[in-house]
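Here is the structure we will look at, set down as structure tokens.
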Amino acid sequence: MAKGGEMLTQDTQQDGQACQEVVQEYRSATEHTATIIDGKAIARQVQQEIAVKVSKMKESVGKAPGLAVILVGTRKDSETYVQIKKKACEEVGFDFFGVKLPDNTTQDEILKFVKKFNDNPAVHGTQVQLPLPKHISEEAILGAVTVEKDVDGLHPMNVGRLAMQGRNPMFMSFSAKGCIELLLRTGVVIQGKHAVVIGRSNIVGTPGALLLQQRNATVTVVHSKTPNPAEVTRNADIVIAAVGVPELVRGSWLKPGAVVLDVGINPVEDLSKKKGY
Ligand SMILES: NC(=O)C1=CN([C@@H]2O[C@H](COP(=O)(O)OP(=O)(O)OC[C@H]3O[C@@H](n4cnc5c(N)ncnc54)[C@H](OP(=O)(O)O)[C@@H]3O)[C@@H](O)[C@H]2O)C=CC1
Ligand SMILES: Nc1nc(=O)c2c([nH]1)NC[C@@H]1CN(c3ccc(C(=O)N[C@@H](CCC(=O)O)C(=O)O)cc3)C=[N+]21
């Protein structure tokens, strides 16, 4: 984590660890104590809890939850993420339905698969892997996933419910929910704290900010047009960095004692690593 006396956050994902690290008790650029939270261990714990529930469900109703994932195109990172989801499903006992379509698939063709999964009672959640090829309307595709199967929480109805007081969404972004879970399972108090979320995407930043607000944090969202991101972030007790820019958040951006979650997955060249990044 610490390089040349500075704590970095956006590069903590270079090994591809999702929402993996929390750093606490940062004291100064030269002298500091940081507690790193083992996100992978927490993820394993959550998976074990889900596996127990799934096995009980199979015993009682003879069915398991089913996840469908639609992948369009050949992006390496997207293929990796779909593989990770497939493996995770196997590990917890979910049924997995994967569809892989070529880059030049038409929007109507993708919609047919979305509808097929909407109508399939063995599928309880459908994800359309993003980004989609340029000729496809993301809005049209995401809006076609029935709200009851919108496991990514990207349907406007679920986003709207998340944003409104007292309206429970059926699903919400798992990346944003994962951040809250990491904070809760680490014993971090959210209520009354000042949280800064860097990034405002539909998938992480915006739902992350809404969830922190729901848990009574005072939330500031920093984005690419924020003129003084370092100054704003320095006021934060909790920082969630969800930006596609490596090494954006520097040690000097952080208040001593701040809790930092890094959601970004941004490869940074490192020839000492086996993968080269
Ligand atoms: N671990 C996980 O589960 C997930 C990880 N990710 C990773 O998280 C990162 C962000 O992904 P995603 O949210 O989809 O990305 P987007 O590109 O959709 O959004 C990035 C956000 O960061 C903001 N931003 C960009 N540059 C700066 C800057 N210099 N200063 C402040 N804010 C900036 C953008 O601002 P503006 O709105 O003004 O353009 C935007 O809101 C990526 O590395 C991605 O790979 C993504 C999804 C899930
Ligand atoms: N419809 C849709 N929903 C998404 O949620 C979505 C998406 N599209 N498109 C892309 C982003 C990115 N994202 C990741 C989630 C987990 C890991 C993850 O678990 N990564 C592994 C390692 C990955 C690697 O080896 O590179 C880990 O942290 O252990 C990565 C990336 C979800 N996204």
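The values are calculated or read from the model by the stated rules, or taken from the named source; none is laboratory data. A quick note: this is a predicted structure, and the numbers were derived from the prediction, not measured. Glycine gets a Cβ as well: all are built from the backbone with ideal geometry, and neighbour counts include every protein chain shown. Calculation scope for accessible area: heavy atoms of the full protein, side chains included, ligands and nucleic acids excluded. Shrake-Rupley method; radii C 1.70, N 1.55, O 1.52, S 1.80 Å.
Tell me, please, whether a residue that is in a helix (DSSP H, G or I) and not hydroxyl-bearing (Ser, Thr, Tyr) can be found in region 195-205. Yes; the residues of region 195-205 include at least one that is in a helix (DSSP H, G or I) and not hydroxyl-bearing (Ser, Thr, Tyr). With respect to (1) touching a Gly at 6+ places or on another chain (Cβ under 9 Å); (2) acidic (Asp, Glu); (3) outside any loop (DSSP other than H, G, I, E, B), the lone exception for Asp152 is condition (3).
I'd like to know if region 161-173 contains one or more residues that are of a type in the set (D, E, K, R) and within 12 Å of ligand 2 (Cβ to nearest atom). No: region 161-173 contains no residue that is of a type in the set (D, E, K, R) and within 12 Å of ligand 2 (Cβ to nearest atom). What pairs can you find where one residue is in region 259-272 and more than 15 Å from Ser175 (Cα to Cα) and at pLDDT below 90, the other is among the aliphatic types (A, V, I, L, M) and open to solvent by 20 Å² or more (accessible area, probe 1.4 Å), and their Cβ atoms are less than 7 Å apart, with a gap of 6+ or different chains? Listed by first residue and then by second, the contacts come to Asn266/Val245. Criterion applied to Val189, Val245 was being out of contact with any Pro (no Cβ under 7 Å at 6 or more places or on another chain), under 23 Å from Gly39 (Cβ atoms) and in contact (Cβ under 8 Å) with a residue 40 or more places away in the chain, and the one residue passing it is Val245.
Considering region 249-277, the residues that are in contact with a Pro (Cβ under 8 Å, 6 or more places away or on another chain) and part of a loop (DSSP other than H, G, I, E, B) include one that is farthest from Leu210 (Cα to Cα), namely Tyr277.
Scanning region 243-277 for residues that are away from ligand 2 (no atom under 16 Å from the Cβ) and crowded, with 18+ Cβ neighbours inside 10 Å yields Leu248, Val249, Gly251, Trp253, Leu254, Ala258, Val259, Val260. Among all residues of region 171-181, there is none that is at pLDDT below 95, part of a loop (DSSP other than H, G, I, E, B) and more than 8 Å from ligand 1 (Cβ to nearest atom). With respect to the conditions (1) part of a helix (DSSP H, G or I); (2) of a type in the set (A, V, I, L, M); (3) surrounded by 15 or more Cβ atoms within 10 Å (Cβ to Cβ), Ile240 falls short on a single one, namely (1). Cβ-Cβ contacts under 9 Å between residues 6 or more apart (or on different chains), taken from a first residue in region 211-235 that is under 13 Å from Gln191 (Cβ atoms) to a second residue that is modelled with pLDDT under 95 and more than 16 Å from ligand 2 (Cβ to nearest atom), are listed as Gln214/Gln165.
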